[in-house]
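These notes concern the structure reproduced below.
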Amino acid sequence: MSSNQYMNVPLSLYIHFPWCVKKCPYCDFNSHETSGAVPEAAYLDALETDLIDDIKRLSALNKQSTKIEKPEIQTIFMGGGTPSLFSANAIQDLLNRLKQHLTFAINIEITIEANPGTLSFEKLAGYYQAGINRLSLGGQSFNNQHLNLLGRIHSSSDITTAFENASRAGFKNINLDLMHGLSQQTISNAINDLQQAIELQPTHISWYQLTIEPNTRFYNEPPRLPTDDTLWEIYQTGLNLLAQHGFHRYEVSAFSQSGQQAKHNVNYWLFGDYIGIGAGAHGKLSSAEAIIRTAKTRSPKDYLKQQKCKSSIIDEKSLSLEFLMNALRLNEGFTKRIYEQRTGLNASRLENFLTAGMTKGLLQQKHDKIIPTALGIQYLNDLLMLFD
Ligand SMILES: C[S@@+](CC[C@H](N)C(=O)[O-])C[C@H]1O[C@@H](n2cnc3c(N)ncnc32)[C@H](O)[C@@H]1O
Ligand code: SF4
């Protein structure tokens, strides 16, 4: 990735779309059921104002007297919620507006998250023609009973149809999201889900273990989850299956064919910068003086009226901890040079942590890289607790 011109740190753009057809009982994202059509035109206007404000913020942070002209971005991620509730025309309009304010890097990765229950061939073809070059399909499971328990609005065959339509529409880079550790899921159910996903030959699979999050229906009405032994078997068998089929695990839950890692997510994990626009979106922006977090108005209704931004400077201890929380998710770890470049701090701050991590067998050092061991990836929280 090349760098943006001001801080030698790559810059990405995240755009949040806060509406869904139905709220899934496990989901704690900023997503809200919509009864009718989404307010496309008004939301696009709000996003554009929000973006212009963030570019001003980036300029002020970097002490530029005039607005930075069209900062260069490496990746765009349209996430949600369900961005695929927006029509292809609206997404085309959005990309045209973005180009008025940003420079798109050559080889830019532009991803849209899509729910298989909201797609037609025409919509997918329209997205592709608009310039979206990566699709992330929320499949979750190929078992209709499990899809039902997860409150999904689509069936197993809808996932296959959406995938085939996307390929026919031109998409070559497709991620499939799957969840495991589901209520009533056996080892063979979970492995069958992975097998069906692999058969479709996506470039990338995100394989998440279901977590029960506060403020979700599952938290208040907990489903009966598989035993720890079953979860362990699912995990080990799944990892082997993915590896056998050429899906390289490069992050805790991310598996890709060779060279097909999600550039946008890798930028998060290596603590790059990102502008975050849309209801409830978060961002991170750097300058030589400070690194700030931004958070936008969360309620979609309020956001449409006014796109407020709360920004705060990340203090030094949090900077190191946040860097480690992200970078240690990566199988390949990080270098001290990247730590210094992305946090502005001296790598000597890490010495005690590195010694403790290596003593406990959770970290290893290979050449200039600091890498979590298999145990370190599995017990990431314990590893992070070693930082003080
Ligand atoms: C930002 S979500 C939105 C994706 C999209 N709206 C959809 O559901 O079709 C991205 C992914 O996170 C995963 N996910 C969401 N909540 C989860 C939870 N509680 N536990 C595990 N994975 C979760 C799902 O696989 C989901 O597709
Ligand atoms: S469709 Fe996706 S974002 Fe919407 S509620 Fe379900 S998991 Fe959450």
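The values are calculated or read from the model by the stated rules, or taken from the named source; none is laboratory data. Owing to the predicted nature of the structure, the values given are computational and were not obtained by experimental measurement. Glycine also receives a Cβ, built like all others from the backbone with ideal geometry; neighbour counts cover every protein chain displayed.
Miscellaneous remarks
- Test for residue 200: is it under 20 Å from residue 379 (Cβ atoms), surrounded by fewer than 22 Cβ atoms within 10 Å (Cβ to Cβ) and either among the small types (Gly, Ala, Ser) or in contact with a strand residue (DSSP E or B) (Cβ under 9 Å, 6 or more places away or on another chain) (or both): no
- Residues within segment 340-372 that are at pLDDT 95 or above and part of a loop (DSSP other than H, G, I, E, B), tallied: 3
- Among the criteria (1) at pLDDT 95 or above; (2) in a loop (DSSP other than H, G, I, E, B), the one residue 15 does not fulfil is (2).
- Pairing residues of segment 74-100 that are closer than 14 Å to residue 45 by Cα with residues that are within 16 Å of ligand 1 (Cβ to nearest atom) and modelled with pLDDT of 95 or more, at Cβ distances under 6 Å and at least 6 apart in sequence or on separate chains, gives 91/127.
- When segment 120-149 is limited to residues that are more than 20 Å from the chain's Cα centre (by Cα) and under 27 Å from residue 181 (Cα atoms), the one that is farthest from ligand 1 (Cβ to nearest atom) turns out to be 145.
- Selection status of residue 31, within 16 Å of ligand 2 (Cβ to nearest atom), assigned by TED's automatic domain parsing to the domain that holds residue 118 and of a type in the set (S, T, N, Q): yes
- Within segment 336-358, residues that are among the β-branched types (Val, Ile, Thr) reach partners that are assigned to a helix (DSSP H, G or I) and surrounded by 16 or more Cβ atoms within 10 Å (Cβ to Cβ) with beta carbons closer than 8 Å, at six or more positions or on different chains, in the pairs 338/327; 343/319; 343/320; 343/323.
- The helices (runs of 4 or more DSSP H) found entirely in segment 117-232 that carry 3 or more residues being in contact (Cβ under 8 Å) with a residue 40 or more places away in the chain are 121-130, 156-169, 187-199.
- Those residues of segment 76-119 which are within 13 Å of ligand 2 (Cβ to nearest atom) and more than 19 Å from the chain's Cα centre (by Cα), in sequence order: 117, 118, 119
- Of all the criteria given as (1) surrounded by fewer than 20 Cβ atoms within 10 Å (Cβ to Cβ); (2) more than 16 Å from ligand 1 (Cβ to nearest atom), the one not satisfied by residue 25 is (2).
- So residue 39, is it away from ligand 1 (no atom under 16 Å from the Cβ), closer than 30 Å to residue 148 by Cα and either not basic (Lys, Arg) or not assigned by TED's automatic domain parsing to the domain that holds residue 87 (or both): yes
- Meets criteria (over 22 Å from residue 54 (Cβ atoms) and over 23 Å from the mean Cα position of the chain (by Cα)) for residue 363: yes
- Failed item in (1) modelled with pLDDT of 95 or more; (2) assigned to a loop (DSSP other than H, G, I, E, B), with residue 289 passing the rest: (1)
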